[in-house]
Amino acid sequence: MMASTLCIIGVGGAGSRVASRAAPLLLGAAHVVAVNTDARELDLADTPVKVLIGATRTGGLGAGGAVATGRLAADDDLTTLRALVSEQTLVVVTAGLGGGTGSGAMPAILRAAHDAGALTLAVVTLPFQFEGPKRQAAAEEALRAVRESADAVVVMANDRLVEEVGETGMKAACERVDAVLGRSLAALCNLIAEPGYIKLDFADLQQMIRQSGGTCAMAYAEASGEDRAEAAAQALLDSTLLERGRLVAQAKALLVGIMGGPDLAVREVGVIMDAIRSKAGAECRTSMGTYIGDDAGGSVQVVLLATETRGDATKPVDKDEGRTTAKAGRRGTRARQTELQGQLVLQPSGRGRFRNVEPTIFDGEDFDIPTYVRRGITIGS
Amino acid sequence: MAQAPIVGLEIGTSKVIALVGEMRDDGVVMITGVGERPSTGIRKGEINDLANATLCVQSVLALAEERSNVEVREVLLAVSGGHVQGLINHGTVPVIGGDGGIQADDVADALEVARAVNLPPEREVLHTISQYFYIDDDTRVTNPEGLSGAQLSVDMLAIHGVRNRLNNTVRAVRNVPVEVQDVAFSGLCSALSVLTAEQKRNGVVVIDLGGGKTDYVVYAEGVVAAAGVIGVGGDHVTNDVALAFNIPTAQAEVLKRESGTVGASAGGADVVLAPEGSFAGRSVSLKDLNTVMHARVDELLTMIRRRVAQEDLMHHVGAGVVLTGGSARTSGIVGMAEGLFEMPCRVGKPRNVDGLTAAVNGPEYATVSGLVQYGFKAARDQSPPLKGLLGRLFGGKPPRGGAS
């Protein structure tokens, strides 16, 4: 049987940085690759494999924000890119859209992966507001191309992320955004790529993305020490990042992943799931998965994705309130939690012949997407 | 002298149809010519490729001219699209008639105030249909003339759409070039064509299931009480089937028409699709096909039912549901609608016109034959400019407008 393999490709400057952050956090074997047109930026990337594309075209000086250059650079080195994605089960491509390399090369890489028979997940960020309307428009345009080529797309706005990490210094904020994205990405990849006793696979994620058709909140928490399961669950549900569980209560679907070491107890999984289910609505579909690593350093990690109805914008996070989770570490244990969240806009693909016409939206649902997909009906069983 | 022939044109998502109708001396509308072609450049009932749509309209009109031996200079045009909505507008005026009670002038004033619907600038009113009159906000009457009161109000149903998108349809005709006499909401035309006066009196929901959109019109006590469009039609069913089984649209369309049902599935055998061109062929389970189609049609009809219920009209609908439009041919849809609406349901075909041969007597001709009938009614009512007449034609004040 062919082993399932995971490949993470960071495209362009932002994509490479996120991939670099995610690489050390991945639990299983994964190919992590940085792809760029800018040789100096590529040098800074902290990934095992680095690929310079379009060197003959740009002389390794970058695409200069030109999407066409990014696209042509990918075409120039298509053979190399194809080799990267061949024989992979899941290819996760991440990039910051709006520039030249990410916007131009990402669709080509996704297509190459798709043609090679891999499932593709695109995780993209949109530019800051202050980067101007031209860059925003370029990003929107690129997003359309990405949606056409990927099996699932997760979109995050940079503005949103900065708001949530709460840093004001430019450098600190950017680094923190990269870290949040890197951790979220790694958690997501660990969940879907690693075999677990209760498996959460790509189909679950894809299903959720199609069902939500809108935004999706994601939170990540880890805790260690005595009562770590209670602490981690509490940290998630108390978190203002999920509006103190309000988003969990309103979600149509939840996806929960629990990761721990060999010492992870059945009771602990039960505690976490019970805590989350007690908050969720009666009609909420919950999918869960676990992953047992060789050594998780005595910690338990939980990642939670909750769908939101389109237009149900969440308020920015209040940093101080986010720290009230400290009470979870009562009784003087060493319990500690960290939490991270990205506001995800999950974009469903699969509009077929209605691809280029104005969508028919009712109650936040895109009616051009087949009903059986939105209702989660399985065909061909 | 005999009236001039009237040409009704519908630019649908799957078909463009033109009917030429003449009024016989015995007062019955006679269809003398039909032109129709599969559509190009239309999605969800709206133009998305003007040049192709214009060519298509041109050839349909040429066909209709040839068959009817009438030169087409102007047409009546049916319009629709997901942007078309119904809205109830309330108009109130003080009664200045004094002791004589409410006068005709007061009624006219109230209607005028109610007709002046405040809409966003990009929207235009297609039809206004008066509902009930209220005297001093509490007594509901159908004809207030002669009654006493200090204040007279009237509810007006305004059917409106986005001007630019309506104009796009008109433009496709003017580019031919042929003049557009008037436009009418396709849902109302279909209702006019398939309903009897008794059904309107008892209350009825008409659902026109087109290729790219679905119109609905609700009659309560003889008046159009609600109307709207949902931008989902037969094309969506085809698209769902194509995506579910990973087959080309053309094959999905054939599969849907020939083997698809939304009723209880026969199950069992698979349908084998023959290879064609670049399509390698495959077999599709009838059960899965039924599941995909059922989900879509169930969702659409449930949505319309919800809209009718929201307007608080369910208990005003005594005559049940009438399905029309091309997608009303979907196998099993009547039983499904009966189950969902919990009332009798049937497929409505064009009525009250002669000369439609069996070949063009199906539910997909409801809109365009209703359009021709509407044209003659307008002409008979002797109101020189057709524009603005629609309100009176489609319901209007029940005592006088009951003829429609």
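The values are calculated or read from the model by the stated rules, or taken from the named source; none is laboratory data. What you see is a predicted model, and the numbers here were worked out from it, not measured in a lab. For neighbour counting, all protein chains shown are included, and Cβ atoms are generated from backbone atoms with ideal geometry for every residue, glycine included.
Filter the stretch A:31-49 for residues that are more than 17 Å from A:Ile8 (Cβ to Cβ) and either crowded, with 21+ Cβ neighbours inside 10 Å or acidic (Asp, Glu) (or both) and give the result.
Correct list: A:Thr37, A:Asp38, A:Glu41, A:Asp43.
Is the stretch A:73-80 home to any residue that is crowded, with 24+ Cβ neighbours inside 10 Å and under 24 Å from A:Ile192 (Cα atoms)?
So far as the stretch A:73-80 goes, no, none of its residues is crowded, with 24+ Cβ neighbours inside 10 Å and under 24 Å from A:Ile192 (Cα atoms).
Test each condition in (1) away from every other protein chain (no Cβ under 14 Å); (2) out of contact with any Asp or Glu (no Cβ under 6 Å at 6 or more places or on another chain); (3) surrounded by fewer than 24 Cβ atoms within 10 Å (Cβ to Cβ); (4) within 25 Å of B:Pro350 (Cα to Cα) for B:Gln181 and report the one that comes out false.
Status for B:Gln181: all satisfied but (2).
Which one is farthest from B:Gly101 (Cα to Cα) among residues in the stretch B:142-161 that are β-branched (Val, Ile, Thr) and at pLDDT 90 or above?
B:Ile159
For residues that are in a loop (DSSP other than H, G, I, E, B) and within 22 Å of the chain's Cα centre (by Cα), scanning just the stretch B:45-96, find the one that is surrounded by the most Cβ atoms within 10 Å (Cβ to Cβ).
Ranking the candidates gives B:Ser80 first.
Which residues, counting only those in the stretch A:107-126, are among the hydrophobic types (A, V, I, L, M, F, W, C), part of a helix (DSSP H, G or I) and farther than 23 Å from A:Met208 by Cα?
A:Ala108, A:Ile109, A:Ala112
Would you point out which residue out of A:Arg277, A:Arg244, A:Arg285 is basic (Lys, Arg), surrounded by fewer than 23 Cβ atoms within 10 Å (Cβ to Cβ) and modelled with pLDDT of 85 or more?
After applying the criteria, what remains is A:Arg277.
Step by step: first the residues of the stretch B:34-44, then only those that are surrounded by 21 or more Cβ atoms within 10 Å (Cβ to Cβ) and more than 14 Å from every other protein chain (Cβ to nearest Cβ), then the one that is nearest to B:Leu61 (Cα to Cα). Which residue is that?
Here the answer is B:Gly35.
Could you look through the stretch B:5-33, keep only residues that are among the β-branched types (Val, Ile, Thr) and under 19 Å from the mean Cα position of the chain (by Cα), and pick out the one that is surrounded by the fewest Cβ atoms within 10 Å (Cβ to Cβ)?
So, considering only residues that are among the β-branched types (Val, Ile, Thr) and under 19 Å from the mean Cα position of the chain (by Cα), the one surrounded by the fewest Cβ atoms within 10 Å (Cβ to Cβ) is B:Thr13.
Would you mind telling me which numbered condition in (1) out of contact with any Gly (no Cβ under 9 Å at 6 or more places or on another chain); (2) part of a helix (DSSP H, G or I) B:Arg37 fails?
Going through the list (1) out of contact with any Gly (no Cβ under 9 Å at 6 or more places or on another chain); (2) part of a helix (DSSP H, G or I), B:Arg37 breaks only (2).
Would the stretch B:295-313 turn up any residue that is farther than 17 Å from B:Glu198 by Cα, of a type in the set (Lys, Arg) and in contact with a His (Cβ under 8 Å, 6 or more places away or on another chain)?
Yes, the stretch B:295-313 contains a residue that is farther than 17 Å from B:Glu198 by Cα, of a type in the set (Lys, Arg) and in contact with a His (Cβ under 8 Å, 6 or more places away or on another chain).
Would you confirm whether any residue within the stretch B:83-99 is modelled with pLDDT of 90 or more and touching an Asp or Glu at 6+ places or on another chain (Cβ under 7 Å)?
yes
Answer yes or no as to whether A:Ile292 is within 24 Å of A:Leu205 (Cβ to Cβ), out of contact with any Asp or Glu (no Cβ under 8 Å at 6 or more places or on another chain), hydrophobic (A, V, I, L, M, F, W, C) and surrounded by 22 or more Cβ atoms within 10 Å (Cβ to Cβ).
Here the answer is no, as A:Ile292 does not meet what is asked.
From the list B:Val217, B:Val206, exactly one residue is among the β-branched types (Val, Ile, Thr), buried (at least 23 other Cβ atoms within 10 Å of the Cβ), touching a residue at least 40 places away in the same chain (Cβ under 8 Å) and touching a helix residue (DSSP H, G or I) at 6+ places or on another chain (Cβ under 9 Å). Which is it?
B:Val206
Which ones in the stretch B:205-238 are under 28 Å from B:Leu192 (Cβ atoms), of a type in the set (Val, Ile, Thr) and either away from every other protein chain (no Cβ under 13 Å) or not in a loop (DSSP other than H, G, I, E, B) (or both)?
Scanning the stretch B:205-238 gives B:Val205, B:Val206, B:Ile207, B:Thr214, B:Val217, B:Val218, B:Val223, B:Val224, B:Val229, B:Ile230, B:Val237.
Please indicate, with yes or no, whether at least one residue in the stretch B:186-197 is over 22 Å from A:Phe367 (Cα atoms) and assigned to a strand (DSSP E or B).
For the stretch B:186-197, residues over 22 Å from A:Phe367 (Cα atoms) and assigned to a strand (DSSP E or B): absent.
A quick yes/no check of all residues on (1) touching an Asp or Glu at 6+ places or on another chain (Cβ under 8 Å); (2) modelled with pLDDT of 75 or more; (3) more than 14 Å from every other protein chain (Cβ to nearest Cβ); (4) buried (at least 20 other Cβ atoms within 10 Å of the Cβ):
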residue	(1), (2), (3), (4)
A:Pro262	yes, yes, yes, no
A:Thr309	yes, no, yes, no
A:Asp363	no, no, no, no
A:Ile369	no, yes, no, yes
A:Tyr372	yes, yes, no, yes
A:Gly380	yes, no, no, no
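Taking the condition of being buried (at least 19 other Cβ atoms within 10 Å of the Cβ) and assigned to a loop (DSSP other than H, G, I, E, B), how many residues in the stretch A:50-65 meet it?
4
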